[in-house]
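First up is the structure itself, then whatever we jot down about it.
The values are calculated or read from the model by the stated rules, or taken from the named source; none is laboratory data. Just so we're clear, the structure is a prediction, and the values are computed from it rather than from any experiment. Cβ: placed from backbone, ideal geometry, glycine included. Neighbour counts: every protein chain shown. The accessibility values were calculated without ligands, DNA or RNA, using every heavy atom of the protein model including side chains. Shrake-Rupley method; radii C 1.70, N 1.55, O 1.52, S 1.80 Å.
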Amino acid sequence: MQLETYISDLLYRYDCVIVPQFGAFLTHRVSAKVHETTHSFYPPKKALSFNEQLQNNDGLLANYIAEIEKVPYQVAVEKIAKQVKAIKSYLIEGETIALNNIGDLILNTEGNINFEPSHHINYLTDAFGLSQFTSADITREIHKEIVEELEEAIPLTITPEKRKSRPYLKYAAIALIALTIGGFGASKYHVGQIENHNQLAQEEANEQLDAKVQEATFVIDNPLPAATLTVEKPSGNYHIVAGAFRIQANSEKKVQQLRDQGFKARKIGVNRYGLHEVVYSSHSDRLEALRALRTIKRTHNRDAWLLVKALD
């Protein structure tokens, strides 16, 4: 039983996941921040910590394991106890326990558990797909000095006498009014698009996940000729990705191969890299998608991964 997998699943939805007779993994929201020296922007996240004092079984973890593995609740409790016993024995021997996507546990000299959280995953679903980036320093004072130099070299002095000798200023004023009206119209158009933007915000936040497609791409040396397939109506925003293909015929061949093996495979369109994406299946419920993904990773393809994307 991969205990860390179940804990990781629950940390997306809950701020406290207790492992009976061991301790609790806690999360708290941390706002987005900017590093003043490096000019790095960090997205909001859930910071992860461990409290060894919270050990009473609240039923959350055991119920989730029982649901996923289709076993009685008491059996799930016994499985957790067995796993905890093994972890404690390794800690006593001085080993470091690495929990995938959670962090590292080790005993200190006082016999207490020290926890070093993993920084490779963000459990805040609102920030799904966002990552750190660095912006160039904005030197406003330099731009100000350049403008001042230009004003000294080309002074703009407008007097009533000079207006008569500069008829083009009248046309410039007309152009300015036209630009103002156009800007007002553009502003109204922007406001009108806000609702559509909000609907697509989750999809845009996942754009960086498309980069993983190259690691999960199937290579087909002998592509079949293009075939006409009946595309099923999209259902759900959680897709288990089988691969992505530069050649459309290869993606259609992969769909047929997976359907022959009993999967509800289909294509979900072309991603930002121009690759045709193929999925094992699509789901409306996230837990259902995670269960299906876990089964596929164990029995068919360890490189399969979950894509959250709203289809048109």
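If you scan segment 83-110, which residues turn out to be in contact (Cβ under 8 Å) with a residue 12 or more places away in the chain and among the basic types (Lys, Arg)? Walk me through it before giving the result.
To start, the set of residues in segment 83-110 that are in contact (Cβ under 8 Å) with a residue 12 or more places away in the chain comprises 83-84, 87-88, 91-92, 94, 99-107.
The answer is LYS88, and nothing else.
Determine, yes or no, whether VAL270 is under 24 Å from ARG302 (Cβ atoms) and either open to solvent by 50 Å² or more (accessible area, probe 1.4 Å) or modelled with pLDDT of 55 or more (or both).
Considered against the rule, which asks whether it is under 24 Å from ARG302 (Cβ atoms) and either open to solvent by 50 Å² or more (accessible area, probe 1.4 Å) or modelled with pLDDT of 55 or more (or both), VAL270 comes out as no.
How many residues are within 13 Å of LYS309 (Cβ to Cβ) and modelled with pLDDT of 90 or more when one looks only at segment 240-266?
First pass over segment 240-266, keeping only residues within 13 Å of LYS309 (Cβ to Cβ): 240-241, 244.
Remaining after also requiring modelled with pLDDT of 90 or more: 240-241.
The qualifying residues number 2.
What's the total number of residues in segment 18-32 that are at pLDDT 85 or above and over 24 Å from LYS85 (Cα atoms)? Please lay out each step first, then the result.
Step one: list which residues in segment 18-32 are at pLDDT 85 or above, which gives 18-27.
Right, trim to over 24 Å from LYS85 (Cα atoms) and you get 27.
Matching residues across segment 18-32 total 1.
So in segment 282-311, with the set limited to residues that are of a type in the set (Gly, Ala, Ser) and open to solvent by 20 Å² or more (accessible area, probe 1.4 Å), which one is nearest to the chain's Cα centre (by Cα)? Working first, answer last.
Taking segment 282-311 first, the residues of a type in the set (Gly, Ala, Ser) are 282, 284, 289, 292, 304, 310.
Adding the requirement that they be open to solvent by 20 Å² or more (accessible area, probe 1.4 Å) leaves 282, 284, 292, 310.
Working: SER282: 18, SER284: 18, ALA292: 19, ALA310: 13 Å.
Among those that are of a type in the set (Gly, Ala, Ser) and open to solvent by 20 Å² or more (accessible area, probe 1.4 Å), it is ALA310.
Identify the residue in segment 65-105 that is among the small types (Gly, Ala, Ser) and closer than 17 Å to ILE7 by Cβ and, among all such residues, is most open to solvent (accessible area, probe 1.4 Å). Before you say what the answer is, go through the steps one by one.
The first filter runs over segment 65-105 and keeps only residues among the small types (Gly, Ala, Ser), leaving 66, 76, 81, 86, 89, 94, 98, 103.
Imposing the further condition that a residue be closer than 17 Å to ILE7 by Cβ reduces the set to 66, 76, 81, 86, 98, 103.
Values: ALA66: 14, ALA76: 0, ALA81: 57, ALA86: 40, ALA98: 72, GLY103: 4 Å².
Among those residues, the one meeting the criterion is ALA98.
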